[in-house]
Structures are given as C-alpha cells and as structure tokens.
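Accompanying notes for the structure given below.
Just so it is clear, none of the values below were taken in a lab; they were calculated from the coordinates. Bear in mind that the values here come from a model prediction, so they are computed numbers and not experimental data. Note that each Cβ is placed from the backbone with ideal geometry, even for glycine, and that neighbours are counted across all protein chains shown.
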Amino acid sequence: MQQQKGVTMKNRVELLRKAQGINQGDFARTLGVSRQTISSIENGKYNPSLELAFAISDFFGKQIEEIFIYERGEQQMRSISEDAG
C-alpha cells in the first residue's frame, strides 16, 4: 500500500500486545499471519488490510480507532478542501 505524502498511520498494537504478555510469534499465529507482518505493523512499515485490522481489534476487544490512529498532514487537508470547493 502506497502511503500518501502528509499521511501517517500510527498504532498501539505493540503496546497492547505487550500489555497482554503475548510475543509477536504467538500473536501472529493467532491471527494467521507471519511474525514479520506483526513486526512491520508495529514498526509502522506496513498498514494492515481492513480484514486484519478488524481481526486485531477483535482480539484486543477494542474499536479499530482505538488501535490505529490516522493522521492527515496539513498539506493533504488543503488538497481535500480545494477538491471539495
């Protein structure tokens, strides 16, 4: 997935996983993905698919917005405003 300039996606996956005392390998197996996928998500190098994001939120019993934080940069907000006007 190509990230747009000025857009960042942060997440709390590592924080929540560690709070439950689960290592990356066990968490990955539970979700049916590789440990490398979990590592990449936690390091912000990969944004999960919508399906995986829902699986992660279900695992932790939280809303997606509580785990994945989408931040738009000022430049993108101007572009959106110009497109709407």
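Tabulated results
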{"item": "Using a Förster distance of 35 Å, the FRET efficiency for R29-T8 (Cβ separation, nearest 0.05)", "result": "0.75"}
{"item": "Positive minus negative residues near I41 (Lys, Arg vs Asp, Glu; Cβ under 12 Å)", "result": "+3"}
